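Novice: Pasting in a structure now, in structure tokens, and then I'll have a few things to ask.
Just so you know, all these numbers are worked out from the coordinates, no wet-lab data involved. Predicted model, so just to flag it, every value in this text is computed and none were measured. Glycine also receives a Cβ, built like all others from the backbone with ideal geometry; neighbour counts cover every protein chain displayed.
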Amino acid sequence: MKYAIIIPDGCADEPQASLDGRTPLEAADVPHMDAIAAAGVVGRASHVPASLPPGSDVANLSLFGYDPLAYFTGRAPLEAAAQGIELAADDWAIRCNLVTVENQTMRDFTAGHISTEEATQLLATAQERLGGERLQFYPGVSYRNLLVYRGAAAAAPFSTDTRATPPHDLTDKSVLDDYPRGPGSDLLNQLMHDSVAVFADHPVNVARRRAGKLPATNIWLWGIGRTPSLRPFAEVYGRRGSMITAVDLLRGLAALVGWRRIEVPGATGYLDTDYAAKGRYAVEALADTDIICVHVEATDEASHEGNVAAKIKSLEEIDRHIVGPLYEAIKSHGDYRILVTPDHPTPVRTKTHSHGAVPLAIAGSGIAPDDAQTYDEPASARSKLAFDPGWKMMRYFLEGTTTS
Ligand SMILES: [Zn+2]
């Protein structure tokens with residue numbers, strides 16, 4: 001059996017006054033998603049347990065069929081996996097943003113979308129002045145960098161109770177109450193504090209100020225965790241998977257569960273992503289994988305910008321260039337199943353991720369149709385097919401059957 005999964009990140013939403021009470025999914029012209037709903041079943045799944053933050057990291061872990069309550073250890077370890085940074089059992093990965101803090105206010109969690117080249121220079125200086133064998137700074141892309149605490153020589157002071165606030169939750173807010181806290185936070189706070197002096201007159205910042213750009217005033221540490229010990233997907237579920245995504249979190253997750261990652265030129269993780277290229281690569285990948293999974297970030301980005309029109313447009317692009325071609329192609333491979341589902345809702349009203357159920361549609365071999373004709377939130381709310389916790393959905397998608 002061949003399987004296809006399409007994840008329009010954060011596409012689940014609320015009824016919009018501007019859309020006469022419809023949700024973006026209802027308003028969007030998505031004939032292929034609707035065809036899957038009509039041919040198969042519509043249901044819902046809750047991927048984020050109440051006790052965990054509603055991030056793509058937690059939600060996609062669940063969507064992949066792993067209980068986040070048992071396996072989620074933080075965002076940074078997933079990103080380390082995406083970058084091929086090996087973590088031993090006693091190592092801790094920490095997300096190391098370059099940020100602009102002014103008067104104890106988070107002016108910009110991206111330090112003015114600092115370039116990768118500039119970030120690499122700052123991280124090299126941080127390594128020289130603040131790092132060592134125990135603390136290793138790894139440049140990533142732009143403001144998204146990592147710090148790894150190597151626990152071989154001296155045990156790390158952190159625990160799963162160590163807390164830190166994502167800097168993107170602090171935009172234009174005071175940071176005073178949101179410095180790291182809990183076990184080992186002294187060390188994190190010291191590093192963040194020391195980085196201020198290290199960066200103050202750094203040539204990169206001198207040049208940025210001169211050019212009228214925001215300086216990287218300091219590092220902001222968060223997303224801390226050890227590498228999760230995930231049993232390979234092939235062992236748990238008996239199938240091989242392949243992943244198409246432009247987002248490091250998803251790449252990392254794929255790497256950790258043993259899925260192949262397929263890089264698509266033109267996949268940006270933003271509204272300008274090359275949808276058609278993603279669709280083409282997905283169709284081609286069907287030949288030598290059991291599961292092809294295509295993740296698209298654009299719907300989530302549109303939500304973060306509070307842009308309903310952009311959200312609808314990206315849903316239509318996904319439907320036309322990815323869902324359509326994949327649904328058509330997978331039928332020629334014999335037995336198949338296809339699943340459309342986001343990881344979590346991202347309401348345009350709040351511009352941020354939320355807890356709660358997301359709609360899903362599954363069609364294919366062994367799936368007898370229910371009476372849903374469209375893929376959207378109202379149809380999913382009416383359905384008897386509900387997965388809570390959501391991580392149980394994967395087994396159903398791969399092996400479950402329904403009878404009419
Ligand atoms: Zn997400």
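Novice: Where does the stretch 132-189 land on the Kirkwood hydrodynamic radius, alpha-carbon pairs, in angstrom?
Specialist: After inverting the pairwise mean of 1/r, the radius is 13.1 Å.
Novice: What is the spin-label model distance, in nm, from R382 to A154 if the labels are put 7 Å beyond Cα along the C-beta direction?
Specialist: So the two model labels end up 6.3 nm from each other.
Novice: Using a ≥ b ≥ c from the Cα gyration tensor of the stretch 103-233 (square roots of the eigenvalues), is it rounded, prolate or oblate, where a/c under 1.5 gives rounded and otherwise the larger of a/b and b/c decides, a/b for prolate?
Specialist: Because a/c hits 1.5 or more and a/b exceeds b/c, the stretch 103-233 counts as prolate.
Novice: Same structure again: Want the number for D177 to A89: 0.36 nm per residue separation, take away the alpha-carbon distance, what's left?
Specialist: Fully extending the segment from D177 to A89 adds 28.6 nm.
Novice: Can you tell me the order of 104-111, 16-23, 293-300 when each peptide is scored by its average per-residue count of other Cβ atoms within 10 angstrom, highest first?
Specialist: For the peptides 104-111, 16-23, 293-300, the packing ranking is 293-300, 104-111, 16-23.
Novice: Treating the beta-carbon of each Lys and Arg as +1 and of each Asp and Glu as -1, no other charges, what is the dipole magnitude of the chain about its Cα centre, to the nearest 20 debye?
Specialist: Dipole magnitude for the chain comes out near 480 debye.
Novice: Could I ask something else about it? For D335 and R280 in the same chain, what is the full-extension length gain: residue separation times 0.36 nm, less their Cα-Cα distance, in nm?
Specialist: Result for the pair: 17.7 nm of gain on full extension.
Novice: Describe numerically, in nm with one decimal, the distance between label points set 7 Å from Cα along Cα→Cβ at H113 and at H168.
Specialist: 1.4 nm
Novice: Here's another thing I want to ask about it. Would you list the P(r) distribution for the stretch 314-368, with all Cα-Cα distances sorted into 5 Å bins from 0 and each bin expressed as a whole %?
Specialist: So the P(r) values, bin by bin, are 4, 16, 20, 21, 16, 12, 7, 4, 1.
Novice: Between T227, P203, P53, whose Cα lies farthest towards the positive end of the dipole of the chain when Lys and Arg beta carbons carry +1 and Asp and Glu beta carbons carry -1, centred on the Cα centre?
Specialist: T227
Novice: With each run of n ≥ 4 DSSP H residues scored as -39500 (n - 2.57), what mean residue ellipticity at 222 nm is computed for the chain after dividing by its residue count and rounding to the nearest 500 deg cm²/dmol?
Specialist: Rounded to the nearest 500, it is -9500 deg cm²/dmol.
Novice: Moving on. Only Cα pairs within less than 10 Å get springs; with that Gaussian network setup on the chain, which residue of P359, P24, P369 has the largest fluctuation?
Specialist: P369
Novice: Another question, then. Mean separation of Cα pairs under 8 Å and 6+ residues apart, divided by the residue count of the chain: what relative contact order is that in percent?
Specialist: 33 percent
Novice: Quick check on the stretch 92-249: of the DSSP beta bridges with both residues there, what percent are antiparallel, nearest 5%?
Specialist: Within the stretch 92-249, antiparallel bridges account for around 95 percent of the total.
Novice: Rounding to the nearest 20 debye, state how big the charge dipole of the stretch 100-219 is about its Cα centre with +1 on each Lys and Arg Cβ and -1 on each Asp and Glu Cβ.
Specialist: The dipole magnitude comes to about 200 debye.
Novice: In 10 Å bins starting at 0, how do the alpha-carbon pair distances of the stretch 98-139 split up by percent?
Specialist: Final binned percentages: 29, 41, 29, 1.
Novice: Expressed as a fraction of 2.2 N^0.38 Å, the rule-of-thumb size for a compact globular protein of N residues, what is the C-alpha radius of gyration of the stretch 290-337?
Specialist: Rounded to two decimals, the normalised Rg is 1.40.
Novice: Another question about this same structure. I want to verify the translational diffusion coefficient of the stretch 180-261 in µm²/s; compute it with Stokes-Einstein, Rh as the Kirkwood radius over Cα pairs, at 4 °C and 1.567 mPa s.
Specialist: Approximately 79 µm²/s, per Stokes-Einstein.
Novice: Further question on the same structure: What is the spread of the Cα atoms of the stretch 332-404 along each of their three principal axes, largest first, in whole Å?
Specialist: Its Cα atoms span 42, 25, 23 Å along the three principal axes.
Novice: Please report, largest first and rounded to whole Å, the three semi-axes of the ellipsoid equivalent to the chain, where each semi-axis is the square root of five times an eigenvalue of the C-alpha gyration tensor.
Specialist: Listed largest to smallest, the semi-axes of the chain are 38, 23, 19 Å.
Novice: Sort the stretch 233-357 into rounded, prolate or oblate with this rule: let a ≥ b ≥ c be the square roots of the eigenvalues of the Cα gyration tensor; rounded if a/c is under 1.5, and if a/c is not under 1.5, prolate when a/b is larger than b/c, oblate otherwise.
Specialist: The shape class here is prolate.
Novice: Can you compute the charge dipole magnitude of the stretch 1-67 about its Cα centre, using +1 on each Lys and Arg Cβ and -1 on each Asp and Glu Cβ, nothing else charged? Give it in debye, rounded to the nearest 20.
Specialist: About 260 debye.
Novice: Antiparallel as a % of all DSSP beta bridges within the chain, to the nearest 5?
Specialist: 60 percent
Novice: Additional query: Would you please report the Å³ per residue occupied by the convex hull of the alpha carbon atoms in the stretch 23-124?
Specialist: Taking only Cα atoms, the stretch 23-124 has a hull volume of 234 Å³ per residue.
Novice: Something else about it: Ordered by packing density, taken as the mean number of other Cβ atoms within 10 Å over each peptide's residues, highest first, how do 318-326, 275-283, 71-79 rank?
Specialist: 71-79, 318-326, 275-283
Novice: If you take the charge dipole of the chain about its Cα centre, with +1 on Lys and Arg Cβ and -1 on Asp and Glu Cβ, which of S314, A156, H304 is farthest toward its positive end?
Specialist: Of the candidates, A156 comes out farthest on the positive side.
Novice: I want to check the label-to-label distance for V141 and D371. Put each point 7 Å from Cα in the C-beta direction and report it in nm to one decimal.
Specialist: 4.6 nm
Novice: Within straight cross-link reach of K392, meaning Cα distance under 18 Å, which aspartates and glutamates are found once same-chain residues fewer than 8 apart are removed?
Specialist: Leaving aside aspartates and glutamates fewer than 8 places away in the same chain, those within reach of K392 are D57, D67, E235, D343.
Novice: Right, here's the next one. Measure up K313/K351; K311/K384; K278/K311; K213/K351; K331/K384; K311/K351 against 22 Å on the Cα-Cα distance and list the ones that go over.
Specialist: Over 22 Å Cα-Cα: K311/K384; K213/K351; K331/K384.
Novice: Put +1 on the Cβ of each Lys and Arg and -1 on the Cβ of each Asp and Glu in the chain; which of N218, A88, Y270 then has its Cα farthest toward the positive end of the dipole?
Specialist: Final value for the positive-end residue is A88.
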